1. Taking the Cα centre of the range A:73-248 as origin and charging only Cβ (+1 Lys, Arg; -1 Asp, Glu), how large is the dipole, in debye to the nearest 20?
2. Around B:R158, under 12 Å between beta carbons, what's the net of Lys plus Arg minus Asp minus Glu among the other residues?
3. Tell me the angle of helix A:255-298 to the major Cα principal axis of chain A, expressed in degrees between 0 and 90 and rounded to the nearest ten.
4. Per-residue HN-Hα couplings for the range B:38-45, Karplus 6.51 cos²θ - 1.76 cosθ + 1.60 at θ = phi - 60°, whole Hz, x for Gly and Pro?
5. Between A:I337 and B:K223, with labels modelled 7 Å along Cα→Cβ, what's the label distance in nm to one decimal, could you check?
6. How large is the helix-only mean residue ellipticity at 222 nm for chain A, computed as the sum of -39500 (n - 2.57) over DSSP H runs with n ≥ 4, divided by its residue count, in deg cm²/dmol to the nearest 500?
7. May I ask you to evaluate 6.51 cos²θ - 1.76 cosθ + 1.60, the Karplus curve with θ = phi - 60°, for each residue of the range B:224-230 and list the ³J(HN,Hα) values in order in whole Hz, giving x for glycine and proline?
8. What part of the accessible area of the range B:30-270, given as a whole %, is carbon or sulfur when the probe is 1.4 angstrom?
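The values are calculated or read from the model by the stated rules, or taken from the named source; none is laboratory data. Small disclaimer: the values here were computed from a predicted structure and weren't measured. Note: ideal-geometry Cβ built from the backbone for every residue, glycine included; neighbour counts use all protein chains shown. Accessible surface areas use protein heavy atoms only, side chains included; no ligands, DNA or RNA. Shrake-Rupley method; radii C 1.70, N 1.55, O 1.52, S 1.80 Å.
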Amino acid sequence: MKFFELVRIAILNLLNRKSRSFFTIFAIAIGMAFVIILLSIGYGLERLVQEQTVGLDALRSIDVDSEQSAVLLLNSDSVNKIKQLEGVETIIPQINCVGKLKLGGSVLDITVLVMDNNYLKYSYKSLVAGKSFAELSSPNLIVNEIIPNILGTKNEDVNNFIGQKAELEIIFPTNIIKSEDGLAIQTRKKDLTIESVVTDRKNQKESPTAYLFFDSLPELNNPSYSKVKVLLSDQERLTEVRAKIEAMGYTTSSAFDTLEQIQTVFTTFRIILMVIGFVGVTIAILGMFNTLTISLLDRMREIGIMKALGTRNSSVFILFFIESITISLLGSILGIILSFVLGFILEKSFQIIALGRGVSPVSFYYTPPYIVFYIILIGLFIGLITGFYPAIRAHKLKPLDALRYE
Amino acid sequence: MMKTTKSLTSNLDLKKKRELHSIKVKKKHHSTVVIKVNHLEKSFQVSNNKIPILKDISFKVYSKDFLIIFGPSGCGKSTLLNVILGLEEPDSGEVILRDTKTYSLNESERADIRAKRLGVVYQQPTWIRSLSVLDNVAYPLILTGESRRNAINQALRRLEEMGLSKFRNYAPTELSGGQQQKVSLARALVKNPWTLFLDEPTGNLDSKSEEEIIKMLTEINRKGKRTIVMVTHNYSFLLRANRVLHLLDGEVKGIHESIHEIQQFLRNQLMPEV
Ligand SMILES: Nc1ncnc2c1ncn2[C@@H]1O[C@H](COP(=O)(O)OP(=O)(O)OP(=O)(O)O)[C@@H](O)[C@H]1O
Ligand SMILES: [Mg+2]
């Protein structure tokens, strides 16, 4: 018998008992949706916590520190070497110095960070006032919000701060620029215009800081960097690339270290959610098993006549499997759709509640795309396990016994 | 054992007829043997007892026969039919369909033979309930891998022959008992089987439907030249057959192979004390 003819009969059988089939499919769908929603909350919360603590890209970034060593410099040569490593996407070097900012009548002791545009992008700075990051270039000066705050500028007046002239005296660490005479400390004075005010998106406590592009300091000829952030194309490679960098002699650190702890906590959390979810699925499975068994008993005589007419046992076996797999797959697909709809409603309503209370809404719900794939796989599996018993019974049924069945 | 007579005259005296018989024994007009049943034994285990149901049953079915297996309830008619259909394995003996020993085949191969070559109608019409009348009739063809289009066309032709084509899209159980049994017949015939088997096909029907079915069967046998093996305990069918196998307590009590013999048998059955 042709396979698609069996599929046709299976589908007609399901349609013949519309409400029974529908409720069974719906029960599976609810169970699956329950699992997906719980998992999505689990993943969403984890993501939220990660974002709040370290930011998303931290997962795929490695901080490389210079050892303050005169032997192993972290300069453009070494940066190029790291860049050649497989899996490295971007290199973000920075130099940390201290300095004095003269602005109006005041003099502030501040941190000076020499960096490039990528730094702003990947270290979660957002613009408060002034030029956007894309427009920025040397010899602009960027300061963080702390500086106007210290100088008594209110948040709403921060725009007035843009365009002010400032004198910045930068004091370089010894290993950054070597003077000809080998004397330790080097300083530079620059007259600059404040072009942007930024703030840290993660609301981390910061010291007053000025950001300066490398281009603004042409005298820094092949400097040693204080720190290089290495951004990978894929977080899976983190351990591997990190090991390679350490093999070059540098020390590294990664937000991954703290993330690992967060992840352990959330993995446990997710497992608990999953167990709860699968209780729902188990109930649905029992319902489905019940339906299939009833359907078998209901169709004993039918199986009898099919076999008496010459249908092979194997075809009957396959027929029952097609029916169970159709139910569980349709249930899974419906469950996925249901979870998307319910998840959307859930998130939106929380956002509305948050906005109503004047709290900025956060997203705590995230469905990783691969869950869809797993749910389908689990659906297939459920179809196989629930279908097996009725299918094997139908297979073994003697046609005459089946025809006699009342 | 195979005897035939063309004599339809019942007023001839018994002795003369016997003579006529013996002369015509060798001139049998039956063509090929289509089913050969050899020394079948079948018993059922009921609690601790092994109860013999079929005892050393041997007979042949010839092409274009209308053979009735006749006997009282419980004598083993259905069991015998099911053994021939390959549905009930005998304890010993063999069933040979054309050249194939049924029980030397495995279960799937026996299923395939039923699917391709044997048509069957039971007393109780039974359906694949999710399929329409037309789909049910087409099912045996679908089963053998026929294309849907062909199967449907042939099924529709069968239904038209039975005058039931207007019910093609009905659920089978929406039809009357008589109509359902005709659809069963259409389903059994759609694959042009070697032999059509029927087990008490009119057992549940009113006399009008019974009459229609038996007329159809006669036509299928005479005009359609199809071999029929029918199980019944209904006397009124006996005269439609060309051969009657009389089964009693699981044994072949006799095989009656001419109209005359059947009439004689019928007379004895109806008036056993005579
Ligand atoms: N599977 C079985 N197990 C035990 N006994 C059986 C089985 N099938 C049939 N029998 C017994 O075999 C005997 C013959 O049954 P069968 O159905 O062949 O009779 P029948 O001649 O067709 O009767 P009827 O005319 O009433 O249909 C009965 O006594 C029945 O109880
Ligand atoms: Mg019977």
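1. Numbers: 21 positive and 23 negative charges, 42 e Å.
With Lys and Arg at +1 and Asp and Glu at -1, about 200 debye.
2. Values: positive: B:R157, B:R168, B:K182, B:R187, B:K191; negative: B:E160, B:E161.
That works out to +3.
3. 10
4. Values per residue, Gly and Pro as x: 10, 6, 6, 10, 8, 10, 10, 8 Hz.
5. Inter-label distance under the simple model: 5.3 nm.
6. Working: 11 runs with 210 residues, N = 406.
Mean residue ellipticity, 222 nm, calculated: -17500 deg cm²/dmol.
7. Ordered by residue, 3J(HN,Hα) equals x, 6, 9, 6, 10, 10, 10 Hz.
8. Details: 4400 of 9930 Å².
Within the range B:30-270, the accessible surface is 44 percent carbon and sulfur.
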